[in-house]
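Novice: The structure follows.
Nothing in this text is a laboratory measurement; each read-out follows from the coordinates by a stated rule. Keep in mind that what you see is a predicted model, and the values were worked out from it rather than measured. Here Cβ is always computed from backbone atoms with ideal geometry, including for glycine, and neighbour counts include all displayed protein chains.
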Amino acid sequence: MSPPRFAGYVSKAGGDSSVALELYVYNARLAQAFLFPLNVTEVTFRNAVDGVLVKEFGPDWYVDNNFVNTVVTSRSRLTLERAPTRASLSDRDTVVSAIAFDFLSNLLRVEYADIWRTKANVAFPGLERGQGRRKIQQLSKAINILGNRVANDEPILDANVPDLHSKMIRLTRLRCRMTSEWMRHYSTVGSVMRSRPTSKGHRRTGRPARP
């Protein structure tokens, strides 16, 4: 590690370089543990959003003139246009899987409210009465931020791990309860979280909060 990168861990370790190294390893293990629930959440969320867009704009919604040039904002359009390029337009499944979670999450913002007015509960049947697009957007936004940090190898030591893990389970449950329970069963985030070293080099042993 470069001194500037390691300095952040040394600061959190109260100047103890040995504890700082443990924190660095812990951060790497925690990021790795999050990969599984992030993957399940993204795939589940992607399928839900894709289903709505297919019904509204057709199976090739990502090149539909109305969607691309009228519905999507200019900033989101740039993100969308990069996906077919990466996927080489070989088939729709490849294209859709190449579209960033960031783009899909942004489709839940208020400017896209008309799309979700009658479809949020269809795509996410676990929504309670009175809940809708805003609830989904709140969950997906937090998950998207964490996913970007993990993907870019940025520290996640200050993240509220139990809350973020809970948000993944809750967002997945809104789509499919069985999938959320499967994800929870195989996730190792909780066990890794309990191994975080303290400033004295001791490890925390408390149980994570349940979502």
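Novice: Please list 3J(HN,Hα) in residue order for region 125-131, calculated via the Karplus relation 6.51 cos²θ - 1.76 cosθ + 1.60 where θ = phi - 60°; whole Hz, with x for glycine and proline.
Specialist: In residue order, the calculated couplings are x, x, 4, 7, 4, x, 8 Hz.
Novice: From the residues P155, I145, G15, which one has its Cα farthest along the dipole of the chain in the positive direction, the dipole being from +1 and -1 charges on Cβ of Lys/Arg and Asp/Glu about the Cα centre?
Specialist: G15
Novice: Go through region 39-143 and name the trypsin sites (Lys or Arg not before Pro) that are in a DSSP coil and have 13 or fewer other Cβ atoms within 10 Å of their Cβ.
Specialist: R117, R129
Novice: Hey, got the Cα dimensions of region 1-154 along the principal axes, in Å, largest first?
Specialist: Reported extents, whole Å, longest axis first: 57, 41, 25.
Novice: Enumerate the amide H contacts of A159 below 5 Å, restricted to partners 5 or more residues apart or on another chain; note that Pro and chain-start residues carry no placed amide H.
Specialist: Long-range HN contacts for A159: none found.
Novice: From the backbone phi of region 153-167, what are the Karplus-calculated ³J(HN,Hα) couplings (6.51 cos²θ - 1.76 cosθ + 1.60, θ = phi - 60°) in whole Hz, Gly and Pro given as x?
Specialist: Calculated HN-Hα couplings, in order: 6, 8, x, 10, 5, 8, 6, 7, 4, x, 5, 5, 4, 4, 5 Hz.
Novice: Report the charge-dipole magnitude of the chain in Debye, nearest 20, computed about the Cα centre from +1 at each Lys and Arg Cβ and -1 at each Asp and Glu Cβ.
Specialist: On the way: 32 positive and 19 negative charges, 187 e Å.
It comes to approximately 900 debye.
Novice: Any idea what the dipole of region 35-125 comes to, in debye rounded to 20, about its Cα centre with Lys/Arg Cβ at +1 and Asp/Glu Cβ at -1?
Specialist: 160 debye
Novice: Dipole of the chain (Lys/Arg Cβ +1, Asp/Glu Cβ -1, origin at the Cα centre): which of T94, S74, A31 lies farthest to the positive side?
Specialist: A31
Novice: For R29 and Q138, calculate 0.36 nm times their separation in residues minus their Cα-Cα distance, and state this gained length in nm to one decimal.
Specialist: Length difference between fully extended and current span is 36.6 nm.
Novice: Rounded to two decimals, what is the ratio between the C-alpha radius of gyration of region 12-99 and 2.2 N^0.38 Å?
Specialist: This ratio for region 12-99 stands at 1.61.
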